[in-house]
Structure formats: structure tokens, C-alpha cells
Number of protein chains: 2
Amino acid sequence: MSSDRAPRNTLSRDRVVAAAVALADTDGLPSLTIRALATALAVKPMAIYHHVRNKEALLDALVDHVFSQVRVCRADAEWRQELGARAASLRAALNRHPWALTLMEARKNPGPATLANHEAALDLLRTSGFSLAATAHAYAVVDAFVYGFALQEAMLDQVELAEAPGDLIEGIDMSALPRMAEFATQHVMRPGYSFGDSFEVGLGMVLDGIAALA
Amino acid sequence: MSSDRAPRNTLSRDRVVAAAVALADTDGLPSLTIRALATALAVKPMAIYHHVRNKEALLDALVDHVFSQVRVCRADAEWRQELGARAASLRAALNRHPWALTLMEARKNPGPATLANHEAALDLLRTSGFSLAATAHAYAVVDAFVYGFALQEAMLDQVELAEAPGDLIEGIDMSALPRMAEFATQHVMRPGYSFGDSFEVGLGMVLDGIAALA
DNA sequence: ACCTGAACACCGTTCAAGT
DNA sequence: ACCTGAACACCGTTCAAGT
């Protein structure tokens with residue numbers, strides 16, 4: 001007699017956001033539809049709207065969820081160590097949730113975790129004696145590097161995903177691209193190579209540059 | 001008697017791509033639908049598919065179109081000047097077409113202009129005497145910085161777009177974010193401030209770091 | 001060869017209705 | 001208060017058909 005409807009009060013904003021993150025992680029952002037999300041939560045599509053205003057608000061929450069995983073700087077420690085650790089933590093979070101970069105570009109409303117994270121980073125730099133101008137440059141430059149590095153890692157994952165099993169890059173005339181060919185065969189395909197190793201190198205350059213701003 | 005159908009042979013792959021770029025530039029990426037694109041070209045939706053395999057292939061073409069606007073490095077000039085000029089050109093192209101960053105992350109097939117641009121940059125660095133390892137680091141780091149900086153500029157544009165006319169940031173408790181408040185009032189809102197000024201600063205840091213790799 | 005019409009399996013979202 | 005059903009205005013894309 002009773003319907004198969006989900007029991008009441010099982011849904012919450014947090015459960016909706018967590019399920020959305022899981023869906024985007026496993027199946028990719030395009031698969032994150034309100035309807036698929038409802039199915040994953042064993043609920044009808046319209047139930048979602050009782051906990052989230054609309055899809056845009058859901059995406060805002062997803063980005064803030066990612067930022068909630070990023071290390072918050074403490075202002076009473078050495079700035080170089082703190083800023084570097086936050087950068088590594090941000091990169092790791094963006095690697096875990098590659099769709100976050102795509103979303104960030106179009107977000108209009110930064111969430112509380114995002115704001116708190118930025119506040120702490122600014123506080124660290126200011127407390128460490130950087131002027132407002134130096135703080136602005138420093139923060140813009142580290143974050144640019146981290147976002148861009150994570151973006152490149154996401155792009156590399158896509159290209160590798162598309163590669164034909166035997167052939168390195170399908171249908172591309174490598175003879176017209178001798179430097180890329182050299183690079184692939186003599187460097188990238190060698191045993192110890194890892195793109196990620198450039199992260200510490202670049203981060204070091206940026207932190208050195210910031211130190212010179214002080 | 002005659003129908004209002006568009007005359008034949010007016011459509012071409014280039015016209016389709018150009019119209020798609022224009023649509024994304026003016027109305028944003030979400031507005032770029034096959035159906036809207038067809039309308040803009042005064043044609044029925046299915047006509048598009050005669051010049052582009054599917055929407056995914058169209059997006060691939062859009063990204064390559066953007067890369068075709070980026071300065072190609074020449075290997076016979078001073079590397080620092082050449083790499084810096086390419087970086088500035090890449091940033092400018094990404095500013096003109098902010099949707100390109102979003103698309104790049106999910107592309108599986110780099111186009112010919114993209115590949116040629118990378119080839120020239122690698123050739124410049126190798127010709128200038130950088131080892132394969134140093135070239136890998138150098139290229140990863142400059143591009144990370146440029147992509148990330150452009151991403152931040154795109155994010156800033158979104159936030160500014162959403163701001164209530166009078167109020168700086170709507171509904172955010174600035175008293176809990178004293179450093180952001182200080183930053184906004186004492187720095188960002190001052191006459192000469194421009195976020196973009198951090199680009200040259202960061203680029204300088206990165207190029208200095210790369211010089212130290214040689 | 002190039003373009004179209006009709007159809008299919010999807011979307012996000014509103015609105016009125018159930019409990 | 002919380003969830004649902006039906007409906008609306010959209011999507012990308014296939015397939016058969018026109019010229």
C-alpha cells in the first residue's frame with residue numbers, strides 16, 4: 001500500500017552538496033544534472049529545490065565546499081612556509097575536484113569558506129610586514145600560479161584520456177613538430193618523469209620573487 | 001513562391017566557428033547552443049552538422065581559434081623578451097575570450113594552431129640552450145602563471161558584474177573580514193589601482209626564476 | 001553536396017497539489 | 001515543512017527526405 005517514496009527529512013543542503021560533489025567527481029561536471037542528482041539521492045528532481053535555490057546556487061556551494069578543504073593560513077608563523085603549504089593544499093584540492101576550476105570562473109558569489117581562506121592569507125602577509133601593494137602582488141601571483149598549474153594538470157589528464165592505446169598522439173604529424181617529438185621521447189616518456197615535479201620548482205620561483213617584494 | 005531558406009554554400013566551417021566565437025563573446029558560453037548558432041547564421045540547426053562533427057568538435061575549434069591569435073615565438077631572438085611577449089599575448093587573447101579557459105580544461109584534442117604555438121615555444125627554449133628538464137619546468141611555470149592570472153581576471157569580472165550598485169559586496173559581513181575590508185578601502189578603491197598591474201610583476205618573477213634554471 | 005522537418009531522449013524550472 | 005506530478009520551454013543529435 002505505502003509508496004516507495006523516500007522517508008521525509010532525509011534530505012538536507014549538506015547531503016545535496018555532498019552527493020553533487022560525488023557525482024561530479026565520478027562522472028564529470030556534465031553529468032551533474034538536477035535530475036541525476038535526484039536519482040542519486042533516491043528522490044524526485046523537485047525535492048532538490050527545497051534545499052537549494054537553483055542550480056547556480058548549487059554550483060556556488062560546490063566551489064565553496066572545495067575551498068573548505070584548503071588549508072587556512074595562520075598569521076603567527078613564517079610566511080614563506082605558510083603560503084607554500086596553502087598553495088600545495090589548494091593544488092591538491094583542485095586535483096581532487098578538477099571541475100572546480102571550470103566552475104570558479106563563472107561564480108558571482110564567493111562563499112564563506114572561500115572568503116575566510118582569502119582573509120587568512122591576507123592577514124598572514126600583512127602581519128608579516130608586507131605593504132598593501134606588496135600583498136596584492138604576492139597574493140595575485142601565487143594564486144595565479146596554483147590555479148594555472150592545476151589547470152594544466154587537468155588538461156593533461158584529458159589528453160591522456162583521449163590517447164589511443166598504442167599511438168602516443170593520434171593523427172598528429174609529429175614530423176612537423178620536432179621539438180614536441182624530442183620532448184615526448186627524450187623526456188616525458190623517460191622513467192622518472194612527472195609533470196607535477198614542476199610545481200615545487202615554480203612555487204619556489206614565485207616565493208623567491210615575493211620575498212624580494214618585502 | 002520561393003522559400004526564405006538561406007542560399008546554398010553560404011555556410012562554411014570558418015563561418016560557423018567565427019559566429020560561435022562572436023556568440024560566446026557577447027552572450028557567454030551558456031548561450032552558445034547549436035540552435036542559437038543556427039539562428040545567428042540564418043540557418044536551421046541541422047545545417048551546422050554539415051560543417052562540424054558535433055558540438056564537442058566545435059568547442060575544440062573554438063579553443064584552437066583563440067590560440068591562433070597568440071604570438072608565436074621565434075627561436076632566433078632573446079628568449080626572455082620572446083617568452084614574455086608570448087605570455088602577454090596569451091593573456092590578452094584569454095581576456096578577449098574568457099570562455100576559452102573554461103573550454104581548455106575539458107579539451108581532448110589540441111588543434112593545429114595550439115600545437116604550432118607550443119612547438120615554437122619549446123624550440124625557443126631549446127635553441128636558447130635550456131636542457132629538456134629546464135625547458136619542461138620553464139614552460140610549465142610561465143603557462144601556469146598566465147592561465148591562472150587570466151582565470152583570476154575572469155573571476156574578478158564576474159564578481160564585479162554581480163555587485164549591487166551602491167554596496168561593495170552584498171550581504172557579506174565585512175566586520176568579520178577586516179583584512180579584506182582594509183584591502184578594499186585602502187588599496188583596491190584607491191585611484192591608481194589595477195589588478196592587471198600584478199601581471200608584469202609576476203611575469204618578472206617567473207622569468208627571473210627561469211633565468212636561474214639555465 | 002548541402003540544407004531541412006520531424007522526432008527522440010534529454011535539460012532546468014514553475015506551479016499546483018499532496019501529506 | 002517537505003516532497004511530488006504534470007507541464008513548459010528549452011537542449012544535442014539521428015534519420016529520412018528534399019533540392
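The values are calculated or read from the model by the stated rules, or taken from the named source; none is laboratory data. Since this is a predicted model, take the numbers as computed values, not measurements. A quick note on method: Cβ atoms are made from the backbone with ideal geometry, for glycine too, and the neighbour counts reach across all protein chains shown.
Worth a mention:
- Residues (within 28 Å of the chain's Cα centre (by Cα), facing chain B (nearest Cβ under 9 Å) and assigned to a helix (DSSP H, G or I)) located in the range A:180-193: A:Met180, A:Phe183, A:His187, A:Val188
- Some residue of the range B:81-104 being of a type in the set (Ser, Thr, Tyr), away from chain A (no Cβ under 11 Å) and crowded, with 17+ Cβ neighbours inside 10 Å: yes
- Figure legend. Inter-residue proximity from the range B:194-214: first residues in contact (Cβ under 8 Å) with a residue 24 or more places away in the chain and more than 8 Å from chain A (Cβ to nearest Cβ), second residues surrounded by 14 or more Cβ atoms within 10 Å (Cβ to Cβ) and of a type in the set (Asp, Glu), beta-carbon distance below 9 Å, spacing 6+ or different chains. Indicated pairs: B:Gly196/B:Glu153; B:Phe199/B:Glu153.
- Filter pass, B:Asp60 being modelled with pLDDT of 95 or more, surrounded by 15 or more Cβ atoms within 10 Å (Cβ to Cβ), among the acidic types (Asp, Glu) and more than 16 Å from DNA strand C (Cβ to nearest atom): yes
- Qualifying residues in the range B:79-110 (those that are of a type in the set (Gly, Ala, Ser) and over 9 Å from the mean Cα position of the chain (by Cα)) - the one nearest to B:His65 (Cα to Cα): B:Ser89
- Qualifying residue in the range B:38-47 (condition: within 15 Å of DNA strand D (Cβ to nearest atom) and either within 13 Å of chain A (Cβ to nearest Cβ) or within 30 Å of B:Gly129 (Cβ to Cβ) (or both)): no
- Residue within the range B:57-74 that is within 16 Å of DNA strand D (Cβ to nearest atom) and farther than 30 Å from A:Ala154 by Cα present: no
- Residues in the range B:8-37 that are away from DNA strand D (no atom under 13 Å from the Cβ) and of a type in the set (Ser, Thr, Tyr) were compared, and the one that is farthest from the other protein chains (Cβ to nearest Cβ) is B:Thr10.
- Which numbered condition A:Leu125 misses (of (1) over 17 Å from A:Tyr147 (Cα atoms); (2) within 16 Å of DNA strand C (Cβ to nearest atom); (3) crowded, with 20+ Cβ neighbours inside 10 Å): (2)
- Any chance B:Ala24 is among the hydrophobic types (A, V, I, L, M, F, W, C), touching a residue at least 60 places away in the same chain (Cβ under 8 Å), more than 28 Å from A:Ala162 (Cβ to Cβ) and in a helix (DSSP H, G or I): no
- Check on A:Asp27, exposed (fewer than 14 other Cβ atoms within 10 Å of the Cβ), within 16 Å of DNA strand C (Cβ to nearest atom) and under 20 Å from the mean Cα position of the chain (by Cα): yes
- Search result, residues across the range B:181-210 that are polar (S, T, N, Q) and touching a helix residue (DSSP H, G or I) at 6+ places or on another chain (Cβ under 7 Å): B:Gln186, B:Ser198
- Within the range A:27-38, residues that are closer than 19 Å to A:His97 by Cα sit with their Cβ atoms under 7 Å from residues that are of a type in the set (Ser, Thr, Tyr) and more than 9 Å from DNA strand C (Cβ to nearest atom), at 6+ positions apart or across chains, in these pairs: A:Leu29/A:Thr102.
- Residue selected from the range A:67-78 under the condition touching a helix residue (DSSP H, G or I) at 6+ places or on another chain (Cβ under 7 Å) and away from chain B (no Cβ under 14 Å), by the criterion farthest from DNA strand C (Cβ to nearest atom): A:Arg71
- A residue that is touching a residue at least 24 places away in the same chain (Cβ under 8 Å), in a helix (DSSP H, G or I), closer than 30 Å to B:Phe195 by Cβ and facing chain B (nearest Cβ under 9 Å) cannot be found anywhere in the range A:155-166.
- Whichever residue in the range B:67-76 is touching a residue at least 40 places away in the same chain (Cβ under 8 Å) and out of contact with any Lys or Arg (no Cβ under 6 Å at 6 or more places or on another chain) and, among such residues, is surrounded by the most Cβ atoms within 10 Å (Cβ to Cβ): B:Val70
- When the residues of the range A:133-152 are filtered to those that are more than 7 Å from chain B (Cβ to nearest Cβ) and buried (at least 19 other Cβ atoms within 10 Å of the Cβ), the one that is nearest to the chain's Cα centre (by Cα) is A:Ala150.
- Test result for A:Thr10, surrounded by fewer than 20 Cβ atoms within 10 Å (Cβ to Cβ), farther than 30 Å from A:Gly209 by Cβ, at pLDDT 95 or above and among the polar types (S, T, N, Q): no
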